[in-house]
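Structure first, then comments.
The values are calculated or read from the model by the stated rules, or taken from the named source; none is laboratory data. From a predicted model like this one, the values you see are computed outputs, not experimental measurements. We place every Cβ from the backbone using ideal geometry, glycine too, and count neighbours over all the protein chains shown. The protein model used for the area step is the full one, side chains on, heavy atoms only, and it has no ligands, DNA or RNA in it. Shrake-Rupley method; radii C 1.70, N 1.55, O 1.52, S 1.80 Å.
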Amino acid sequence: MNFKDLLKQSDLILGIGVLVILGMLIVPLPGFVLDLLIVVSIGLGLLILMTALSVTEPSEFSIFPSLLLITTLFRLALNVSTTRQILSKGPAMNSSVIEAFGTFVVGGESGLGKYVVGLIIFIILTIVQVVVITKGATRISEVAARFTLDGLPQKQMSIDMELNSGAITEAEAKVKRKKVQREVDFYGAMDGASKFVQGDVRAGLIITAINLIGGILIGSTIRGESFLASIETYGKFTIGDGLVSQIPGLLSTTATGIIVTRSSSEQKLTMEIKGQLFGNAKTLYVVAGALGLASLIPGLPFFSLVFLGGAVGYLGYSIEQVAKEEIKKIETVSQEKTLERKPENYIKEITVEAIQVELGRDLLPLVDSSSGGHLLEQIANTRKKFAIDFGLVIPAIRIIDNLEIPADNYIIRINGVVIGQAVVKADRLMAMNNSSRALDAIKGDPFVEPAFGLKATWIDPNDKIEVENKGYSVVDPSTVIITHLKELISNYASQLLGREEVKALLEHLRQTHPTLVGELDYDKQGRLGIIQQTLQNLLAEGLSIKNLPKIMEAIANNLPKTMDPFILSESVRQALSRQIVNDYLSPDGKLHVVMIDPRIIDRLNKSLMQDDQEGRILILPHELRVRIMEAVYTEHQKALEENRFLIFVISRYLRQPFAFFLTKELPSRNFAVIASEEIQRGVATEISSVLSLPTREEQPQEA
């Protein structure tokens, strides 16, 4: 087996390594092996520290907690081995690394002075580790673990909201959920791993004390050395051993502090330091000036301050020149594009976009990917999700800037008509209470969520974790716009289905169902328009046309009998009845419905008329219409309070006109009207209420 094959056996190597570490606690090791292992320990400490500096977010270094345990155990085993060598061999101790650290690293003094200096350095290192780095890292680990665990439900809820709004795909949601779970696991493990670091430092301090005191006692009693000779011999080895164990420990402790204090970022720590600390030329000029003035104070090192101030000033000048060069390049490219510009073709200006989103000036960064904006990506995901859910490929959505509207406003147009607009704070996050329970108040600006009219609050991004821990769902401004856009597209989907879109759907269907499409013969005069209007009727009631073969089969079966698209759409509903009812089932598997009072049905039958444009419609007297809508509003509010979807059941003959009547009267689409004939046998149906007229003795006049 060659070296490459050996490296592939990672599980075997790790297992052998752990067994070797445990063996070091028992088996004596010669000096040259100890030297090699000490160098390995220092190298591992450096490798861990450099890795901690290079990761962009803590959870990328997911093996760090386990690595801390293994390296801590390795250093303790090494400590035990060196202690055995020091106490058993005394002056014959033959570790060159320990001797070097104990003799030369603390040089500058003669006699016992250098060992006093070494001991002080060792104590200082220990204090730095215990009091400053280890204690701080442990505390941060505890807090991070608690906040990460507390915020888990809110983060998962935010991911679900983004998925439902179409802002992200199912695959992206899965990746985000794994990332959130990985963060929870990482910080939970770090909370425990930081205790290993604490124990390592304390154990190292105790072992050092044992080496020094035990060595002096053994040397002066058993080996017959003088007291001063014992102090010099064992002091040198003890200090050397303490330093070679504390330095790798200090590296690992520093790496622990860096990891637990790192926030998620798209850049490495070094790049963030460069961009945030040395990215502003004006700040560097101020620092250079302050250092220059300080050099004039008597007693301070003039040349050192002047040199450092000059270096900082030159750095600021260099940064400023680079920025000017970048601006100059951009201006040059812009001028070249202006010179190459061809005569404008204004034919596009008279084109009405199917869907258009206009953004105010402050919202433009949301579409700039270089500034972290991801609105364009979310729109692409929304179109994909709409195709998956409704079976309709909506046209491309055009995004433009509009400097005539307020800077923090956006407008949504369909076929050139404004159908929605709202205010969005690009530098804030939206917090919303999705639960039924009351939550603690939060700081921010009150806001009405535009898609569903729910109460929300604009909060500072720095308060996100605190707000999520209180139970609120927090989303970014792009998701607010996307959710609003998705809801409006759902409501106006029927207006986006033109003849060209229908023809494209049929040609796509021809690839798998050529006989069915041939039977439809949609090229015949008027048939394409009839199929289009039938599909529009389905979309107008929020139904999916994804099951296109079933829909077209129902149309083909009934097209020889009638050319009325309203009758055809009802025939399609009968063919899709099982799918329709299943979509309305509540989580308990039941269909919760609202029945219609027979007296209302009788009046609806008397008010039914045939219209050439809209099919069967209801022409109700004003007073009767008001009374029916009062009853509908009451049922709508009751459904909201009971957290159920409002479903009316009526006869097939009245279903469509009653549904169109409610669509015009109700401000929201949070309801459905199904025919009693659509409810299949075996569906568990529960009558939640009965729609009846308000109890007052009024006889409405007949129209």
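Identify all residues within region 647-671 that are at pLDDT 90 or above and assigned to a strand (DSSP E or B); write none if there are none.
ILE647, PHE648, VAL649, ILE650
Quick check: is even one residue across region 502-524 of a type outside the set (Gly, Ala, Ser), within 28 Å of VAL417 (Cα to Cα), without any contact (Cβ under 8 Å) to a residue 24 or more places away in the chain and open to solvent by 20 Å² or more (accessible area, probe 1.4 Å)?
Checked region 502-524: no residue is of a type outside the set (Gly, Ala, Ser), within 28 Å of VAL417 (Cα to Cα), without any contact (Cβ under 8 Å) to a residue 24 or more places away in the chain and open to solvent by 20 Å² or more (accessible area, probe 1.4 Å).
Checking the condition in contact with a helix residue (DSSP H, G or I) (Cβ under 8 Å, 6 or more places away or on another chain) and either charged (D, E, K, R) or at pLDDT below 75 (or both), which residue from VAL55, VAL18 passes?
Answer to the selection: VAL18.
Inside region 435-459, can you point out the residues that are surrounded by 14 or more Cβ atoms within 10 Å (Cβ to Cβ) and assigned to a loop (DSSP other than H, G, I, E, B)?
Once the filter is applied, which keeps residues that are surrounded by 14 or more Cβ atoms within 10 Å (Cβ to Cβ) and assigned to a loop (DSSP other than H, G, I, E, B), region 435-459 yields ILE442, GLY444, GLU449, PRO450, ALA451.
Consider ILE48 carefully, then state whether it is modelled with pLDDT of 80 or more, under 28 Å from the mean Cα position of the chain (by Cα) and under 26 Å from ASP241 (Cβ atoms).
yes
Here is a list of conditions, (1) out of contact with any helix residue (DSSP H, G or I) (no Cβ under 7 Å at 6 or more places or on another chain); (2) without any contact (Cβ under 8 Å) to a residue 24 or more places away in the chain; (3) open to solvent by 60 Å² or more (accessible area, probe 1.4 Å), and ASP389 meets all of them except one; can you say which number that is?
(2)
If we scan region 476-485, do we find a residue that is open to solvent by 20 Å² or more (accessible area, probe 1.4 Å), out of contact with any Ser or Thr (no Cβ under 7 Å at 6 or more places or on another chain) and more than 30 Å from LYS550 (Cα to Cα)?
yes
Does PHE122 satisfy the criteria of being touching a Ser or Thr at 6+ places or on another chain (Cβ under 9 Å), modelled with pLDDT under 75, part of a helix (DSSP H, G or I) and closer than 16 Å to ILE207 by Cα?
yes
Quick test for you: out of THR254, THR261, pick the one residue that is of a type outside the set (A, V, I, L, M, F, W, C), at pLDDT 75 or above, open to solvent by 40 Å² or more (accessible area, probe 1.4 Å) and out of contact with any strand residue (DSSP E or B) (no Cβ under 9 Å at 6 or more places or on another chain).
So the residue among THR254, THR261 that is of a type outside the set (A, V, I, L, M, F, W, C), at pLDDT 75 or above, open to solvent by 40 Å² or more (accessible area, probe 1.4 Å) and out of contact with any strand residue (DSSP E or B) (no Cβ under 9 Å at 6 or more places or on another chain) is THR254.
Among (1) at pLDDT below 85; (2) more than 30 Å from LEU284 (Cβ to Cβ); (3) part of a helix (DSSP H, G or I), where does LYS342 come up short?
Evaluating LYS342 over (1) at pLDDT below 85; (2) more than 30 Å from LEU284 (Cβ to Cβ); (3) part of a helix (DSSP H, G or I) leaves (3) as the failure.
Farther than 22 Å from PHE447 by Cα and open to solvent by 40 Å² or more (accessible area, probe 1.4 Å): which single residue out of ILE399, ILE394 fits that description?
Answer to the selection: ILE399.
Residue check, SER586 against (1) out of contact with any strand residue (DSSP E or B) (no Cβ under 6 Å at 6 or more places or on another chain); (2) in a loop (DSSP other than H, G, I, E, B), all met but one. Which one?
(1)
Before we move on, is VAL197 assigned to a helix (DSSP H, G or I), open to solvent by less than 20 Å² (accessible area, probe 1.4 Å), of a type in the set (Val, Ile, Thr) and at pLDDT 75 or above?
no
Go through region 51-90 and give me each residue that's assigned to a helix (DSSP H, G or I), open to solvent by less than 40 Å² (accessible area, probe 1.4 Å) and among the charged types (D, E, K, R).
Scanning region 51-90 gives a single hit, ARG75.
Each row is one residue, and each column tells you yes or no for (1) open to solvent by 50 Å² or more (accessible area, probe 1.4 Å); (2) at pLDDT below 70; (3) of a type in the set (A, V, I, L, M).
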| site | (1), (2), (3) |
| --- | --- |
| GLY204 | no, no, no |
| ILE207 | no, no, yes |
| GLY214 | no, no, no |
| ILE218 | no, no, yes |
| ILE222 | yes, no, yes |
| SER230 | no, no, no |
| TYR234 | no, no, no |
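Kindly provide the set of residues from region 611-641 that are over 29 Å from GLN680 (Cα atoms) and part of a strand (DSSP E or B), ordered by number.
Passing the criteria: only ASP611.
Looking at region 635-658 only, could you name the residues that are more than 39 Å from the chain's Cα centre (by Cα) and either under 18 Å from VAL593 (Cα atoms) or open to solvent by 20 Å² or more (accessible area, probe 1.4 Å) (or both)?
Within region 635-658, VAL649, ILE650, SER651, ARG652, TYR653, LEU654, ARG655, GLN656, PHE658 qualify.
Output the residues belonging to region 534-568 that are acidic (Asp, Glu), modelled with pLDDT under 90 and surrounded by fewer than 19 Cβ atoms within 10 Å (Cβ to Cβ).
ASP564
Given the conditions (1) in contact (Cβ under 8 Å) with a residue 60 or more places away in the chain; (2) touching a helix residue (DSSP H, G or I) at 6+ places or on another chain (Cβ under 7 Å); (3) in a helix (DSSP H, G or I), which single one is not true for LEU693?
Result: LEU693 passes all but (3).
In the set ILE601, ILE596, which member is modelled with pLDDT of 90 or more and crowded, with 20+ Cβ neighbours inside 10 Å?
The conditions single out ILE596.
Find all pairs meeting these conditions: Cβ atoms under 8 angstrom apart; at least six residues apart or on different chains; first residue within region 311-329 and on the phi > 0 side of the Ramachandran plot and without any contact (Cβ under 8 Å) to a residue 12 or more places away in the chain; second residue of a type in the set (A, V, I, L, M) and open to solvent by less than 70 Å² (accessible area, probe 1.4 Å).
No pair meets every condition.
Report, ordered by the first and then the second residue, all pairs with beta carbons closer than 7 Å, sequence separation of six or more or different chains, a first member in region 413-428 that is over 19 Å from PHE452 (Cα atoms), and a second member that is part of a strand (DSSP E or B) and aromatic (Phe, Trp, Tyr).
ARG428/TRP458
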